[in-house]
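Notes follow once the structure below has been shown.
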Amino acid sequence: QVQLVESGGGLVQAGDSLRLSCAASGRTFRTYAAGWFRQAPGKEREFVAAIDASFWGGGRAFYADSVKGRFTISRDNAKNTLYLQMNSLKPEDTAVYYCASAPLSPYPNRRSRNAAGTYDYWGQGTRVTVSS
C-alpha cells in the first residue's frame, strides 16, 4: 500500500521560508514522477510544482508561474522523500499543500503534469498560512 505523508507546514510571515517534506512508503519515488498541489479556501486544487523521476537524484522540474523563482522541488532518493522549498512566501501562498505521486515518468506534456487526475496517490495535506 502506497502512503504519502506531508510535514513542514505552519504559520509564517510574508517573506519567510518553509520547507515541506513528503515521505513515501510503498512506492519508490526515484522511478515515478511526483508533484505538489495546493488548495486555498474556496478555490480549486491547483498545480504548484512537479519533478520527473531520476534514479540518480534530481530530475527535470516544472513550476506554476505563480511560484517560479521562489519555490524549488527536489527529492532525496535515499530517504524516498520529496521536498518543496518555499522562499519569499506571500499571503496568496496560503493553502493546504498536497504531495502526489504519478504512475509514470517522464510527464508526456504540460497538461499531464498539471492535472490532478494524472496522480494516483495523494498525501493528507499540510497547511501553510502566510500572514501579511
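The values are calculated or read from the model by the stated rules, or taken from the named source; none is laboratory data. Worth saying up front: this structure is predicted, and the values here are computed from it rather than measured. Glycine also receives a Cβ, built like all others from the backbone with ideal geometry; neighbour counts cover every protein chain displayed. Just the protein is used for accessible areas: all its heavy atoms, side chains included, with ligands, DNA and RNA removed. Shrake-Rupley method; radii C 1.70, N 1.55, O 1.52, S 1.80 Å.
Note on the stretch 82-120: residues that are open to solvent by less than 60 Å² (accessible area, probe 1.4 Å), within 22 Å of GLN1 (Cβ to Cβ) and of a type outside the set (S, T, N, Q) amount to 8. Here PHE55 meets the list (1) open to solvent by 70 Å² or more (accessible area, probe 1.4 Å); (2) at pLDDT 95 or above almost entirely, failing just condition (2). If the condition is being under 19 Å from ARG70 (Cβ atoms) and among the small types (Gly, Ala, Ser), then the stretch 1-23 contributes GLY8, GLY9, GLY10, ALA14, GLY15, SER17, SER21.
Go through the residues of the stretch 13-29 one by one and say whether even a single one is open to solvent by 60 Å² or more (accessible area, probe 1.4 Å) and under 24 Å from SER112 (Cβ atoms). Looking through the stretch 13-29, at least one residue is open to solvent by 60 Å² or more (accessible area, probe 1.4 Å) and under 24 Å from SER112 (Cβ atoms). Among residues of the stretch 7-18 that are within 24 Å of TRP122 (Cα to Cα), none has a Cβ under 7 angstrom from a residue that is modelled with pLDDT under 95 and not hydrophobic (A, V, I, L, M, F, W, C) at a sequence gap of 6+ or on a separate chain.
On the given criteria, is VAL48 hydrophobic (A, V, I, L, M, F, W, C), open to solvent by less than 30 Å² (accessible area, probe 1.4 Å) and at pLDDT 95 or above? Yes; evaluated as a whole, the condition is true for this residue.
Taken over the stretch 92-104, the residue count meeting the criterion of being farther than 20 Å from ALA40 by Cα and touching a strand residue (DSSP E or B) at 6+ places or on another chain (Cβ under 9 Å) is 3.
Scan the stretch 64-78 and give yes if some residue there is within 19 Å of VAL5 (Cβ to Cβ) and touching an Asp or Glu at 6+ places or on another chain (Cβ under 7 Å), otherwise no. The answer is no; no qualifying residue exists.
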